[in-house]
Amino acid sequence: MHHSDHVHFTHHLSGEAATLALGAEIATGLHPGLIIFLSGNLGAGKTTLVRGILRGLGYKEKVKSPTYNLIEVYKISKLYLYHFDFYRFENPHEWEEAGFREYFNTDSICVVEWAEKVGGLLPTADLRFFIHIAEAGRDVEIHADTEAGRLCLKRWQAALKGSDFLNP
Amino acid sequence: MFSHPLLVLGIETSCDETGVALYDTHRGLLSHALYSQSEMHSEYGGVVPELASRDHIRRVLPLIRQILSAAGVDLADLDAIAYTQGPGLAGALLVGASISAALGFALNIPVLGIHHLEGHLLSPLLSKPAPAFPFVALLVSGGHTQLMEVNGLGLYTLLGETVDDAAGEAFDKTAKLLGLGYPGGPALSKLADEFVHSGHSKYFELPRPMLHSGDLNFSFSGLKTAVLTLMHKHEMTPDTRGAMAFAFQEAVVDVLAEKSLAALAKTGLTQLVVAGGVGANRQLRNTLCRKAEQIGATVFFPEFEFCTDNGAMIAFAGAMRMQETSDQDKRTDVFTINARWDLEMQGLCT
């Protein structure tokens, strides 16, 4: 992680509709090869945000929780998006045993919930989202840790700046 | 129902459990075994992480030897091998697929890839009394929540399913929020049942997601958020915790029961079969039985060992498939897995 490049911003979400709208906005900046970590307590809305991203990418089908299967695979046109959930891992080495390393490649987008359960074995994330449960709604903190992540973040920041369409 | 006696070995390795079984088409289920965590603890000592227990390779051969010996039969007596072809975790599925392919090749007998959910749908037929086709199946577990119309072998129509979390997953995650550990679904149910009998004074109302959606789909993800909101508003005492557990269970059971009855009404069928681990939930059983009785329908609950992932359902489904398959289609070179696989994609559904 290059701390000099590290940038972040925080955005408030009033409810589920706002989370989905943010996901759709995020989708506009995504490209293959990006790795995104999502953090937040159970019920914070991590999978809801992923649903928003997938809707934004044009995926219309069900977006189920990947907790049980550890991974849900989405193919949108030529793009592969892998939605991981490592909640059930009790030991970082289970990540190696599960054989998921090959999914992290330049041709696909990887979105990971509960990356903290794997610790340092995972590749570095371009972007890290932290969803905090607030008084009313949620606060989303977005951190960019790579150049690619920083470009995404700038783009979203410009799109979200001064707009309140996310919080109707 | 079967003309020639056939002995089928079933192997289930789609997720965390390793299940094997021997089914004889004349004598029924001869023996079956499941590798559970408790057995693992005694064998290896100490706590084994849940997903490291997905190390099916170490377990599957000793388990097969164990059930052969328990049934008093030999590998050479087998007529076919059935394994779970998907859906599930690719690495886990490959263990069952490769063992089956190797055994099938060595013994020169057919190998059949079985859809995991077909196994679950047919598992009630292993119980007595068994339902007869057609029936509606509510498949409700940690990984699945679906309503299916089952008209016969291979004749499955999806009536509705969860659009986000499975019911069992919602139980486990809400239990975690309430401080009951993970997976704590059964602990949550216990707490809810105790609360009912405690002469409680508190009561919480939670939403009934998609109850009036007009279709047979479910959504359980929002319930854990609703519980989280309750937890932020109320001081957590044993009484409020119990009341929340009760409210949560009541909401899930209400939706499952209402949609199951709606599925019976929609299909005009009068038999409901409940498969999957959540089928062990006492309140779900009571509610379903009460409501079904009111409309003259019957509810079937397979024994708990056949509710969760198991080898018996795969052996049984394989035996049924063997009866339906022509000799020229019986292959010994099957080595396929489908990690993502909708049951309706089998091309065998109505």
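Give me the percent relative contact order of chain A, please, defined on Cα pairs under 8 angstrom at least 6 residues apart.
35 percent
For segment A:21-151, what is the number of Lys pairs with C-alpha distance below 16 angstrom, counting only pairs 8 or more positions apart or on separate chains?
Eligible lysine pairs with Cα atoms under 16 Å apart amount to 7.
Let me know the mean shielding of B:217-224 by other chains, meaning the per-residue number of their Cβ atoms within 10 Å of its Cβ.
Counting other chains' Cβ atoms within 10 Å and averaging over B:217-224 gives 3.
Considering only DSSP beta bridges with both partners in the protein assembly as shown, what is the antiparallel share in %, to the nearest 5?
Bridges in the protein assembly as shown that DSSP calls antiparallel: roughly 60 percent.
Using protein heavy atoms only (no ligands, DNA or RNA), what is the total accessible area buried between A and B, 1.4 Å probe, nearest 100 Å²?
Separately minus together, A and B give about 2400 Å² buried.
What number, in percent, do you get for the relative contact order of segment B:143-186 if the mean sequence gap of Cα pairs under 8 Å and at least 6 apart is divided by its residue count?
30 percent
Counting only protein heavy atoms, what percent of the accessible surface of chain B is carbon or sulfur at a 1.4 Å probe?
Heavy-atom surface of chain B belonging to carbon and sulfur, 1.4 Å probe: 53 percent.
Need one number: nm distance between label points at A:Ala148 and A:Thr10, each 7 Å from Cα along Cα→Cβ, rounded to one decimal.
2.9 nm
Residues of segment B:129-301: accessible area per residue at 1.4 Å, in Å²?
38 Å²
Give the residues of segment B:71-87 whose amide nitrogen is closer than 12 Å to a point set 7 Å from the Cα of B:His4 in the direction of its Cβ.
B:79-80
Report, to the nearest whole %, how much of the accessible area of segment A:7-162 belongs to carbon and sulfur atoms, 1.4 Å probe, protein only.
Carbon with sulfur: 51 percent of the solvent-accessible area.
What is the calculated FRET efficiency for B:Ser213 to B:Arg65, with r their C-beta to C-beta distance and R₀ = 51 Å, to the nearest 0.05?
With R0 = 51 Å, the Cβ-Cβ based efficiency is 0.55.
For a quick check of understanding: with a 1.4 angstrom probe and all protein chains in place, what accessible area in square angstrom does A:Lys117 have, to the nearest ten?
70 Å²
Could you sort the residues of segment A:28-75 by number and keep only those whose accessible area is reduced by 50 Å² or more in the all-protein-chain setting relative to the chain alone, 1.4 Å probe?
A:Leu42, A:Gly43, A:Lys62, A:Lys64, A:Ser65, A:Tyr68, A:Asn69
How far apart, in nm, are the 7 Å Cα→Cβ label points at B:Phe304 and B:Lys233?
3.5 nm
What distance in nm separates the two pseudo spin-label positions at B:Ser127 and B:Ile295, each 7 Å out from Cα along the beta-carbon direction?
Inter-label distance under the simple model: 1.9 nm.
How many angstrom lie between the C-alpha centres of segment A:7-45 and segment B:68-132?
Using only Cα atoms, the two centres lie 43 Å from each other.
What percent does the relative contact order of chain B come to when contacts are Cα pairs within less than 8 Å and at least six residues apart?
26 percent
What's the lysine pair count for chain B at a Cα cut-off below 28 Å, pairs eight or more apart or interchain?
Counting lysine pairs in chain B gives 29.
The values are calculated or read from the model by the stated rules, or taken from the named source; none is laboratory data. Bear in mind the structure is a predicted one, so any value in this text is a computation, not a measurement. We place every Cβ from the backbone using ideal geometry, glycine too, and count neighbours over all the protein chains shown. Side chains included, ligands, DNA and RNA excluded: accessible areas come from the protein's heavy atoms. Shrake-Rupley method; radii C 1.70, N 1.55, O 1.52, S 1.80 Å.
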